[in-house]
Amino acid sequence: MDKFNLISIFVAVVDTNGFAGAARKLNISPPAVTRAINELETRLNVRLLTRTTRSVRVTDAGARYVEDCRRIIAELADADESVGGAHGVPRGRLTLTAPMLFGAKFVTPIVTEYLQRYSEVGATCLFLDRVVNMMDEGVDVAIRIGELPDSSMQAIRVGQVRSVICASPAYLKKHGIPKSPDDLHNHTIISANSVTPAPEWKLVGNGVDHSVKLQSRLNTSTNDSAVVAAVAGFGLTRLLSYQIADYLRDGQLKTVLGDFEPRMLPIHVVHREGRHASQKARAFIDLAVERLRANTALN
C-alpha cells in the first residue's frame, strides 16, 4: 500500500478512536486497517498505537506523527483545489456549528450574508448546546465559547462574554437582592443545562474563588426556557450575557452579584483547515471574524 493511504488510515484510526471506526469511515474492512497500521509501523520502525482489547491509544511518537500527517493531507487537498480552480471562487458545502442561541442570534446573519455573496456555496448549520466533534461530524468551522483545550485546531479570538446571575425586578422586589454568594441559598434557583438538581456555581470576589452548591427547584435543558422562567419572576438563573442582553436592555431582567462574576469567557472561531484553508472556509472565517469582532455585545 502506498504511503499516503497508510497515513490516511492512521489518521482515521486516531480520529475515530479505533480500528472499527476507521474502517467504517473509510469504507474498508477492519483487517485492512490492521494490516495498514502494521505496515506503517514496520516501515517507520516505531510503535504508533497501543492496542488493548478495549481501546486504542496513541503513543507519544504517534501523537507527534499524526499532526504531521494531518498537515500533509490538508496541504495535498489544498493543492488539488488550487489546480481545480477552487481557490478562485468559493464553492461546495460548508458545515459549521455554534451554541444554539448564539447561532440563531449572531451566526445566522453572517451565514446568510455569506451565502448571498457566494452563490456556489451551500451551508449546513449545527446549532447545538453541546461540543460537536468537528472531525467525526465533518464540521468545517465552529464558534466556541469558553477556554479551548489544546488541540490541532486553529482558533481566532473574536470576543468575550460574561457569566451572569439574573432575575426579574418583580422577583427581586419580593425576595430581596442577594449581596453575597451565601445569600443564594435563600433563593429559588433555575438551573439551565444541568443534569443534576444541585448545580455548582463558581464565583470570584476580591480575587477569591467561591464555589456555591445550590439546590435548584427548576432544571431545564435549554437556556431559552430558563430565560422564560426568570422573566416570569420564578427565581434566579445563571446565563451568559449575550443570552439575556435584550431582556436587560428592556428592563425585564436585572443582574445581581456583579462583584462576584467569574472571569470573562473568550469566543473563538475554530477551524480544522491548517495553514491552507479551502476557499469556502477561508471566506466564511474572514467574514465571521470581521462581523463578530465588530459586535459591541461581544466586545
Q: Look through region 134-169, keep the residues that are among the polar types (S, T, N, Q) and surrounded by 14 or more Cβ atoms within 10 Å (Cβ to Cβ), and return whichever of them is farthest from Arg70 (Cα to Cα).
A: Ser168
Q: State whether the residues of region 33-47 include one that is touching a Leu at 6+ places or on another chain (Cβ under 7 Å), within 25 Å of Val132 (Cβ to Cβ) and not hydroxyl-bearing (Ser, Thr, Tyr).
A: no
**Q.** Number of positions in region 116-133 that are over 21 Å from the mean Cα position of the chain (by Cα) and surrounded by 15 or more Cβ atoms within 10 Å (Cβ to Cβ)
**A.** 2
Q: Please work out if Arg263 is over 29 Å from Thr95 (Cβ atoms) and surrounded by fewer than 16 Cβ atoms within 10 Å (Cβ to Cβ).
A: yes
Q.
Regarding region 170-186, can at least one residue be identified that is surrounded by 18 or more Cβ atoms within 10 Å (Cβ to Cβ) and closer than 20 Å to Leu101 by Cβ?
A. no
Q | Selection status of Val66, closer than 30 Å to Leu6 by Cα, exposed (fewer than 14 other Cβ atoms within 10 Å of the Cβ) and either of a type outside the set (Lys, Arg) or modelled with pLDDT of 90 or more (or both) | A | no
Q. Where in region 149-267 are there helices (runs of 4 or more DSSP H), lying fully within it, with 1 or more residues that are closer than 30 Å to Ile110 by Cβ and touching a helix residue (DSSP H, G or I) at 6+ places or on another chain (Cβ under 9 Å)?
A. 223-231, 241-250
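The values are calculated or read from the model by the stated rules, or taken from the named source; none is laboratory data. Predicted, not measured: the structure shown is a model, and the values here were computed from it. We place every Cβ from the backbone using ideal geometry, glycine too, and count neighbours over all the protein chains shown.
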